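> This structure is in structure tokens; I'll ask about it shortly.
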Amino acid sequence: MSKEEMLDMEARFERYVAAENKVEPKDWMPEKYRKTLIRQISQHAHSEVVGMLPEANWITRAPSLRRKVALLAKVQDEAGHGLYLYSAAETMGADRQDLIEDLLSGKAKYSSIFNYPTPTWADIGAIGWLVDGAAIANQVMLCRTSYGPYARAMVRICKEESFHQRQGYEIMMALAAGTPAQKKMAQDALNRWWWPSLMMFGPTDENSPNSALSMKWRIKRKSNDELRQEFIDKTVPQAEFIGLTVPDPDLKWNEERGHYDFGEIDWQEFYDVIAGNGKCNKQRLHARNVAHDNGRWVREAANAYAEKQAKRRKEESSAA
Amino acid sequence: MSNNKDNWKIWEIFIRSKNGISHKHVGSLHAPDAEIAIKNARDVYTRRSEGISIWVVPSDQITASKPDEKEQLFAPADDKVYRHPTFYHIPDEIGHM
Ligand SMILES: [Fe+2]
Ligand SMILES: [Fe+2]
């Protein structure tokens, strides 16, 4: 393809997605569109997988059977979300094994939020309410993303996510209405998770140089700041309803804007955690590697079983 | 049949949500054989009673029409308005037909 033809194809592609048409795996797409999406979808998949770790930590210590089955089901859902997303990346020509190896070696990124620790049961409430809540805001937007398989994965994920947030909020509600010590525990979790949750939407619009292209290609439909504001506006009343205080002295309803004003985010902390210096970066990566190694015998057993079955079928058909 | 680097095939999964409705493509997964593909599909795609029947098909066994043949394949249907009921004028007094 000549350079001119290529530019022409790219212009046609842009008009095509701008008209709200979806791109499917075999369609022509700019190489950068493919690369951007493989990176974004695989990072998203890794986040679902690593996201299981801080919560798995509490499955055996959940305070009741009801909470335990809910948490188990949630963590199982997150594994499924990882799988839907790896599958979507595969439709663009990526091999899942390569993606997983990049995660295990520490080369690939995942959401920084999972590098924070979960020292108390209230953290499980805060994660469901705030972390899943923030993820939902992003994922609802991605249900309308321009790449068909990614959008369809998001629709499935969003259907499953709403229970995650509700179970988290329910935990917070119960603690906030409990003994003073329980309420304190809930408040402490909110204090620790609030700011990192706001960081989940990524840098401010002016510090997010790749966003413009993603918006043009309809991969992203809303800017980081828009999504963050939406999340704050929705979540603050939920905190107030259960008598918890959002840890931001600058938080104030702005009648004119119709939104909450909020304080400065500590972006240095955000970049530090991305750089690998969060409280749990090493621990998470280690746990993920151990889990992968411990699962090896299951994968091998599945292979051995499949081989045995294939052999048996062959013998039966030749005997018949 | 070609395998992936993890040595497992990709399977396309189709689920029938209830009798009376066709199987519908829901996504894909990796598995060493059809039997395990069905077990995995049960765990991944029917955790909330989404189905009563599962089909699994190796991805590389599907032959698809090519996107650049779209015109050639489907354009001939575009100018045949007489294949649609609205092409025919029936007086209102006749009611629904
Ligand atoms: Fe998820
Ligand atoms: Fe979730």
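The values are calculated or read from the model by the stated rules, or taken from the named source; none is laboratory data. Bear in mind that the values here come from a model prediction, so they are computed numbers and not experimental data. Don't worry about glycine lacking a Cβ; one is built from the backbone with ideal geometry, like all the others, and counts go over all protein chains shown. Just so you know, the surface numbers come from the protein's heavy atoms only, side chains and all, with ligands and any DNA or RNA stripped out. Shrake-Rupley method; radii C 1.70, N 1.55, O 1.52, S 1.80 Å.
> Here are the criteria: (1) open to solvent by 40 Å² or more (accessible area, probe 1.4 Å); (2) under 14 Å from the mean Cα position of the chain (by Cα); (3) of a type in the set (Asp, Glu). Tell me which single one A:Asp102 does not satisfy.
(2)
> When residues of segment A:59-82 are filtered for being among the hydrophobic types (A, V, I, L, M, F, W, C) and either within 15 Å of A:Met172 (Cα to Cα) or within 11 Å of ligand 1 (Cβ to nearest atom) (or both), how many remain?
Of the residues in that region, 5 qualify.
> Assess whether A:Ile113 counts as being in contact (Cβ under 8 Å) with a residue 40 or more places away in the chain and crowded, with 24+ Cβ neighbours inside 10 Å.
No; evaluated as a whole, the condition is false for this residue.
> Do the conditions hold for A:Ala186, that is, is it within 14 Å of another protein chain (Cβ to nearest Cβ), more than 14 Å from ligand 1 (Cβ to nearest atom) and either out of contact with any Leu (no Cβ under 7 Å at 6 or more places or on another chain) or of a type in the set (A, V, I, L, M) (or both)?
No; evaluated as a whole, the condition is false for this residue.
> Next up: Kindly list the number of the only condition in (1) open to solvent by less than 20 Å² (accessible area, probe 1.4 Å); (2) within 18 Å of the chain's Cα centre (by Cα) that fails for A:Gly148.
(2)
> Quickly run through segment A:146-183 and pick out the residues that are within 13 Å of ligand 1 (Cβ to nearest atom) and either acidic (Asp, Glu) or farther than 23 Å from A:Met52 by Cβ (or both).
Those that are within 13 Å of ligand 1 (Cβ to nearest atom) and either acidic (Asp, Glu) or farther than 23 Å from A:Met52 by Cβ (or both): A:Glu160, A:Glu161.
> Do you know which of the residues in segment B:51-64 that are of a type in the set (Ser, Thr, Tyr) and open to solvent by less than 70 Å² (accessible area, probe 1.4 Å) is nearest to the other protein chains (Cβ to nearest Cβ)?
Residue satisfying both the conditions and the ranking: B:Ser59.
> Can you name every residue in segment A:133-145 that is touching a residue at least 40 places away in the same chain (Cβ under 8 Å) and either within 14 Å of the chain's Cα centre (by Cα) or within 13 Å of ligand 2 (Cβ to nearest atom) (or both)?
Scanning segment A:133-145 gives A:Gly133, A:Ala134, A:Ala135, A:Ala137, A:Asn138, A:Met141, A:Leu142.
> Of all residues in segment A:133-145 being open to solvent by 10 Å² or more (accessible area, probe 1.4 Å) and within 16 Å of ligand 1 (Cβ to nearest atom), which is nearest to B:Lys24 (Cα to Cα)?
Out of the qualifying residues, it is A:Cys143.
> Of the residues that sit in segment B:1-50 and are open to solvent by 60 Å² or more (accessible area, probe 1.4 Å) and part of a helix (DSSP H, G or I), which one is farthest from A:Arg152 (Cα to Cα)?
Only one residue fits best here, namely B:Glu35.
> So which residues in segment A:25-73 are open to solvent by 60 Å² or more (accessible area, probe 1.4 Å) and modelled with pLDDT under 95, if there are any at all?
Within segment A:25-73, A:Lys26, A:Trp28, A:Asn57 meet the criteria.
> Is it true that A:Ser47 is within 16 Å of ligand 2 (Cβ to nearest atom) and either touching a residue at least 24 places away in the same chain (Cβ under 8 Å) or away from chain B (no Cβ under 14 Å) (or both)?
yes
> Scan segment A:63-83 residue by residue and report those that are away from ligand 2 (no atom under 12 Å from the Cβ) and facing another protein chain (nearest Cβ under 9 Å).
Scanning segment A:63-83 gives a single hit, A:Leu83.
> Just wondering, is there one or more residues in segment A:87-96 that are without any contact (Cβ under 8 Å) to a residue 60 or more places away in the chain, under 22 Å from B:Ser28 (Cα atoms), touching a Gly at 6+ places or on another chain (Cβ under 9 Å) and more than 13 Å from ligand 2 (Cβ to nearest atom)?
The answer is no, given that none of the residues of segment A:87-96 is without any contact (Cβ under 8 Å) to a residue 60 or more places away in the chain, under 22 Å from B:Ser28 (Cα atoms), touching a Gly at 6+ places or on another chain (Cβ under 9 Å) and more than 13 Å from ligand 2 (Cβ to nearest atom).
> Hey, can you tell me all the residues within segment A:152-183 that are within 14 Å of another protein chain (Cβ to nearest Cβ) and away from ligand 2 (no atom under 14 Å from the Cβ)?
If the condition is that a residue be within 14 Å of another protein chain (Cβ to nearest Cβ) and away from ligand 2 (no atom under 14 Å from the Cβ), then A:Arg152, A:Val155 are the ones that fit.
> Among A:Glu31, A:Glu24, A:Glu5, which is under 18 Å from A:Ser211 (Cα atoms) and more than 20 Å from the chain's Cα centre (by Cα)?
It is A:Glu31.
> Could you check segment A:114-128 and list, in sequence order, the residues that are more than 12 Å from ligand 1 (Cβ to nearest atom) and within 14 Å of the chain's Cα centre (by Cα)?
Of everything in segment A:114-128, just one residue is more than 12 Å from ligand 1 (Cβ to nearest atom) and within 14 Å of the chain's Cα centre (by Cα), namely A:Asn115.
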